[in-house]
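The values are calculated or read from the model by the stated rules, or taken from the named source; none is laboratory data. A quick note: this is a predicted structure, and the numbers were derived from the prediction, not measured. Reconstructed Cβ throughout: ideal geometry from the backbone, glycine too, with neighbour counts over all protein chains shown. SASA here: full protein model, heavy atoms, side chains in, ligands and nucleic acids out. Shrake-Rupley method; radii C 1.70, N 1.55, O 1.52, S 1.80 Å.
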Amino acid sequence: MPLYVLDGLDGSGKTTQTGLVCQRLEEQGRRVMSISFPDYQEESSALVRMYLSGGFGPDPDQVNAYAASSFYAVDRYAAYTRHWRTFYQSGGTVIATRYVSSNAIHQMGKLPREEWDDFLAWLSDFEYGKLGLPRPDGVIFLDMPRKAADRQLLLRYGGDEGKRDIHERDAAYMARCQEAASYAARAEGWQVVPCGDAHGPFPLEQITNAVLRLIG
């Protein structure tokens, strides 16, 4: 029952890499399912959508780390119980775009640094313990330099800055997310895959190959 997570900050190429990795695994004859969070097509993501669109305020810090994390966690619980638990428990390989790790990346930075270890412990207990979500066999963090990621986001939205959510348009918030992600990667033992440098993103195949080596 392998479960691997591809995570990273906005613009790091998570969705693209999930598709490429699943394609390569299927070519190897493996049964593969890709999942992605938030699950925007489901009612379970309603609070996430309200939050990201500014329904609770235009500043991400207006919703505390624990409340916002619960929005995302409930969406994951609904998706697991309704859509992928049977496949996973039958031995299929699941590749997730974002997972529990995303709460560490996007919410932990709202807290003082001295509270980060407590938050990680709470997050693990809440989502894996209380909600019963399966623990991943590995979390692979796609580390894209911020400038390259911002260029990718502009391409995604056709140059329309107004399409960014409250996370993406807050540069200071994104900087805190980068710091929180680096801390969580060390504390939680995530595998880090460099995805670019000062010149821009690395070739897609290079990143895919690096991810596949970690999955095995």
From Arg24, Arg49, Arg31, residue being among the charged types (D, E, K, R), farther than 18 Å from Phe126 by Cα, in contact with a strand residue (DSSP E or B) (Cβ under 8 Å, 6 or more places away or on another chain) and open to solvent by 10 Å² or more (accessible area, probe 1.4 Å): Arg31
Lone unmet requirement of (1) touching a residue at least 60 places away in the same chain (Cβ under 8 Å); (2) hydroxyl-bearing (Ser, Thr, Tyr); (3) over 30 Å from Arg24 (Cα atoms) for Thr97: (3)
Subset of region 21-41 [closer than 25 Å to Val74 by Cα and in contact (Cβ under 8 Å) with a residue 60 or more places away in the chain]: Val32, Met33, Ser34, Ile35, Ser36, Phe37, Pro38
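Could you please give the count of residues in region 195-206 that are touching a Pro at 6+ places or on another chain (Cβ under 8 Å) and assigned to a helix (DSSP H, G or I)?
0
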Matching residues, region 165-194, being polar (S, T, N, Q) and either more than 29 Å from Thr93 (Cα to Cα) or in a helix (DSSP H, G or I) (or both): Gln178, Ser182
Cross-chain or 6+ apart pairs with Cβ under 9 Å, region 165-176 first and closer than 16 Å to Met144 by Cα and at pLDDT 80 or above, then among the aromatic types (Phe, Trp, Tyr) and open to solvent by 10 Å² or more (accessible area, probe 1.4 Å): none
Extreme residue, surrounded by the most Cβ atoms within 10 Å (Cβ to Cβ), among residues of region 66-94 that are aliphatic (A, V, I, L, M) and touching a residue at least 12 places away in the same chain (Cβ under 8 Å): Val94
